[in-house]
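Encoded as structure tokens, the structure appears first; notes follow it.
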Amino acid sequence: MQGVGLGTSPRGLPVAGGFRRDQIQANALPKSDPAMADLFSPIRIGSLDLANRLWMAPLTRCRARAGHIPGALMAEYYGQRATAGLVIAEATMVSEGHSAFWSEPGIYSEAQVAGWRLTTDAVHRAGGRIVVQLWHGGRACHPLLNGGRQPVAPSAIAITGDTVNTPEGKQPYVLPRALADEELPGIGAEFQRAARNAMAAGFDGVEIHGANGYLLDQFLRDGSNQRQGAYGGSRENRARLLFEVLEAVGQEAPVVGLRLSPLNSFNGMVDSDPIGLATWLAGELNDRGLAYLHVMRADFLGQQQGDVLTPMRQAFKGVLVANTGYSGDEAQQAIGAKAVDAVAFGTAFLANPDLPERIRNGADLNTPDPSSFYSPGPGGYTDYPSLASPS
């Protein structure tokens, strides 16, 4: 599928979050009422004051060192992009043995915490704010990436029609093991420990990854959660693990965000009533202490359609952040109309470390290079030029 702001995932699937450089020109931005917010208005989330509403979406780029340890290269990358109102660092493993990519970072060991400190220091030195996205891959993990360990999921249902990159080449996903009810408090404890580690690493907060067909999303949607008992069946039961994770993480982190993707069919995801589930969730989240709710508004693969933002905006009373395929023009209009409070950009921020300055000045954008999205080293990662770079 071709579309605005779509890159390529390690599996060759489109990844949303950027936009074409011809979509932003200074004269295309609407005139802003001084009383209305725009992309460059400050915003407060929880205890954090942010300089603007143009955020950096989480993008897993597989640049961690051996042992899933973030290093100096990642610190340079995030430091370059510190002018985002909020930098949301990539999906980060909350526990050992649940890798769904090669070389993604973790935050369960002392070495990983020390490695992440390089990144948080770099962002803070540049005047930015940064949270880390806490993540469990669930059935999207593979034994060849995890020492032979079978992946876990709400139900023993494998991802089909897709493959995953492994040390032995592309392989089909395997049948996961259904987690027992008595194991689920341990999942919450892993997220809580990861949040504690995130604070030790210097992050300003955390974002819980409840999107894109990973473990928490697998519990939420009835296409992947077909279990019985306290964590299956009704939407209240399917959301139980997410709510328990939010409560546990809230004991450790002063700022907690949540990312959801109600329509995204990535990783074989589907729900019988995605908009109903999303709207109900948005209302339930009002009392969960969230600093913000981050919503992917569309399906990477274009298989599921609908407007989730409008009903979620009506139901959720806190800070609502949108993502997926926005141009600067559309983001500006959405914020000005109070449809959302901020917009997160993905591949556009990858290719343009000074994206806020470029949008503010109507400058041309660098074009992302999908061939280097997941390759090791600085190429296509830290070497995209800024406006201030020597020609």
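The values are calculated or read from the model by the stated rules, or taken from the named source; none is laboratory data. All values reported here derive from a predicted model rather than from experimental measurement. Backbone-built Cβ (ideal geometry, glycine too); neighbour counts: all protein chains shown. Only protein heavy atoms, including side chains, enter the accessible area calculation; ligands, DNA and RNA are left aside. Shrake-Rupley method; radii C 1.70, N 1.55, O 1.52, S 1.80 Å.
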request  = Check off (1) surrounded by 24 or more Cβ atoms within 10 Å (Cβ to Cβ); (2) of a type outside the set (Asp, Glu); (3) touching a helix residue (DSSP H, G or I) at 6+ places or on another chain (Cβ under 8 Å) for Asn264 and give me the number that stays unchecked.
outcome  = (3)
note = Of (1) surrounded by fewer than 19 Cβ atoms within 10 Å (Cβ to Cβ); (2) outside any strand (DSSP E or B); (3) on the phi < 0 side of the Ramachandran plot, Thr119 fails just (1)
key: strands (runs of 3 or more DSSP E) enclosed by segment 160-272 - at least 1 residues per element that are within 19 Å of the chain's Cα centre (by Cα)   = 205-210, 256-260
query = In segment 303-330, which residue that is under 26 Å from Arg288 (Cβ atoms) and polar (S, T, N, Q) is farthest from the chain's Cα centre (by Cα)?
reply = Gln314
ask   = Out of all the residues in segment 4-15, is one or more closer than 17 Å to Pro105 by Cβ, of a type outside the set (D, E, K, R) and at pLDDT 95 or above?
value = no
ask   = Which of the residues spanning segment 145-154 are assigned to a loop (DSSP other than H, G, I, E, B) and open to solvent by less than 10 Å² (accessible area, probe 1.4 Å)?
value = Pro151, Pro154
query = Which residue, of Arg129, Arg139, Arg125, is open to solvent by less than 30 Å² (accessible area, probe 1.4 Å), within 24 Å of the chain's Cα centre (by Cα) and among the charged types (D, E, K, R)?
reply = Arg139
query = Gly318: in contact (Cβ under 8 Å) with a residue 12 or more places away in the chain, open to solvent by 10 Å² or more (accessible area, probe 1.4 Å) and on the phi > 0 side of the Ramachandran plot, yes or no?
reply = no
Test result for Pro185, open to solvent by 10 Å² or more (accessible area, probe 1.4 Å), free of Cβ contacts under 8 Å to residues at least 60 places away in the same chain and touching a Ser or Thr at 6+ places or on another chain (Cβ under 6 Å) = no
message = Kindly evaluate Glu168 against the criterion of being open to solvent by 10 Å² or more (accessible area, probe 1.4 Å) and not aliphatic (A, V, I, L, M).
response = yes
remark   = Across (1) among the β-branched types (Val, Ile, Thr); (2) surrounded by fewer than 18 Cβ atoms within 10 Å (Cβ to Cβ); (3) under 22 Å from Ile88 (Cβ atoms), Val256 clears everything bar (2)
query = Just one of Ala89, Ala82 is touching a residue at least 24 places away in the same chain (Cβ under 8 Å), within 15 Å of the chain's Cα centre (by Cα) and on the phi < 0 side of the Ramachandran plot; which is it?
reply = Ala89
key: Within segment 371-387, considering residues that are more than 15 Å from Glu76 (Cα to Cα), part of a loop (DSSP other than H, G, I, E, B) and out of contact with any Asp or Glu (no Cβ under 7 Å at 6 or more places or on another chain), the one least open to solvent (accessible area, probe 1.4 Å)   = Phe373
Yes/no for Met74 being farther than 24 Å from Ala291 by Cα, within 17 Å of the chain's Cα centre (by Cα) and not small (Gly, Ala, Ser) = yes
ask   = Filter segment 189-207 for residues that are in contact with a Ser or Thr (Cβ under 7 Å, 6 or more places away or on another chain) and small (Gly, Ala, Ser); which is surrounded by the most Cβ atoms within 10 Å (Cβ to Cβ)?
value = Ala201
task = Mind listing whichever residues of segment 213-239 are on the phi > 0 side of the Ramachandran plot and buried (at least 23 other Cβ atoms within 10 Å of the Cβ)?
result = Gly213
